[in-house]
Amino acid sequence: MILHKFKTQADLDRAAADLIISVVRSKTNAVLGMATGGTPVGLYKEIVKTYQQGLISFKEARTFNLDEYVGLPVTHPESYRAFMQRNLFDHIDIKPENTHVPNGNAPDIDAECRRYDEMLYQQGPVDLQLLGIGHNGHIGFNEPDTELSRFTYKVTLKEDTREANKRFFNSLDEVPTHAVTMGMGTIMQAKMILLVVKGQEKAEILDRTLNGPITTQVPASLLQTHPRVIVMTDCDVQYKVSH
Ligand code: GLP
């Protein structure tokens, strides 16, 4: 793992955007793993800025999102499809057919999970997987548990995760109880992973992710076993490189 610490979130967003842009510049048909939530909004803005300056094109790029709520109309502003259109896809030249978000309204969710993994296998591996992190160490919607799923699957959201995401909804009742998420195995197939962590309130979970035991109780700790993980944060944490 490589840890980059930034004084400001603006500097962090610019650096994260530059890394993603560099991947697409070096491989025009790059496969990008996308994340949602509050963390990536700033870096998506920086990507759009660079596109609007005519300095990058996403015409051949493909994207796969980590997760999507189950049962939320795709037109709901907080569906991850709507989030991605609003924050990125509507503002760059990526082809709509090249943007993939799990279908949380599929009649057969298990079949949708298999379809998503097969499509990823055919088009992948992901060249750069962007990740945020939940306060309980979840990535995507892989929640702390006694075991984790290798493949994309339907997950029951933990109450603290629903609480953390209710800020985007009118009430907790409106927050879905289930989601489709790439499994840990799917995520770990990526050639490179960029984990972005913002806000000192995530310092503790980031410290556990970087330096704690590798445990399914902190899904993000599995990133310690991945050969190419770049962490960008404004948190004040240290990365221990030995015992
Ligand atoms: C949600 C998303 C995750 C995201 C997490 C943190 O659970 N499914 O992909 O990393 O929230 O969100 P935020 O960036 O708003 O803290």
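The values are calculated or read from the model by the stated rules, or taken from the named source; none is laboratory data. This one's a predicted model, so the numbers in the text were calculated from it and none came from an experiment. Heads up, the Cβs are rebuilt from the backbone with ideal geometry, glycines too, and the neighbour counts pull from every protein chain shown. To get the accessible areas, we keep the full protein, side chains included, count just its heavy atoms, and leave off ligands, DNA and RNA. Shrake-Rupley method; radii C 1.70, N 1.55, O 1.52, S 1.80 Å.
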Under the condition of being farther than 20 Å from ALA61 by Cβ and in a strand (DSSP E or B), which residue from region 113-160 is nearest to the ligand (Cβ to nearest atom)?
ILE139
Which pairs do you get when a residue that is modelled with pLDDT under 95, found in region 103-132, comes within reach of a residue that is small (Gly, Ala, Ser), reach meaning Cβ atoms under 6 angstrom, with the pair 6+ apart or on two chains?
none
GLU112 vs. criteria surrounded by fewer than 17 Cβ atoms within 10 Å (Cβ to Cβ) and of a type outside the set (Ser, Thr, Tyr)
no
Looking at region 161-200 only, could you name the residues that are part of a loop (DSSP other than H, G, I, E, B), open to solvent by less than 70 Å² (accessible area, probe 1.4 Å), over 19 Å from ILE109 (Cα atoms) and of a type outside the set (Lys, Arg)?
PHE169, SER171, ALA190, MET192, GLY199
Do we find that THR28 is under 20 Å from ALA190 (Cα atoms), modelled with pLDDT of 95 or more and within 15 Å of the ligand (Cβ to nearest atom) in this structure?
no
Pairs with Cβ under 6 Å, 6+ apart, first in region 1-30 and under 17 Å from LYS198 (Cβ atoms), second among the aromatic types (Phe, Trp, Tyr):
LEU3/TYR239; LEU12/PHE6
Considering only region 78-105, state which residues are away from the ligand (no atom under 15 Å from the Cβ) and either part of a loop (DSSP other than H, G, I, E, B) or open to solvent by less than 20 Å² (accessible area, probe 1.4 Å) (or both).
PHE89, ILE92, ASP93, ILE94, LYS95, THR99, ASN103, ASN105
If THR75 passes every condition in (1) more than 19 Å from VAL196 (Cβ to Cβ); (2) within 16 Å of the ligand (Cβ to nearest atom) but one, which one does it miss?
(2)
Do we have ALA10 as under 15 Å from the mean Cα position of the chain (by Cα) and in a helix (DSSP H, G or I) here?
no
Region 31-51, subset within 17 Å of VAL101 (Cβ to Cβ), touching a Leu at 6+ places or on another chain (Cβ under 9 Å) and of a type in the set (Gly, Ala, Ser), residue nearest to the ligand (Cβ to nearest atom)
ALA35
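Condition check ((1) surrounded by fewer than 18 Cβ atoms within 10 Å (Cβ to Cβ); (2) closer than 24 Å to MET182 by Cβ; (3) not β-branched (Val, Ile, Thr)) across all residues:
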position	(1), (2), (3)
ILE2	yes, yes, no
LYS5	yes, no, yes
ASP18	yes, no, yes
SER22	yes, yes, yes
MET34	no, yes, yes
PRO40	no, yes, yes
LEU43	no, yes, yes
GLN52	yes, no, yes
PHE58	no, yes, yes
Members of region 201-243 that are acidic (Asp, Glu) and without any contact (Cβ under 8 Å) to a residue 24 or more places away in the chain
GLU204
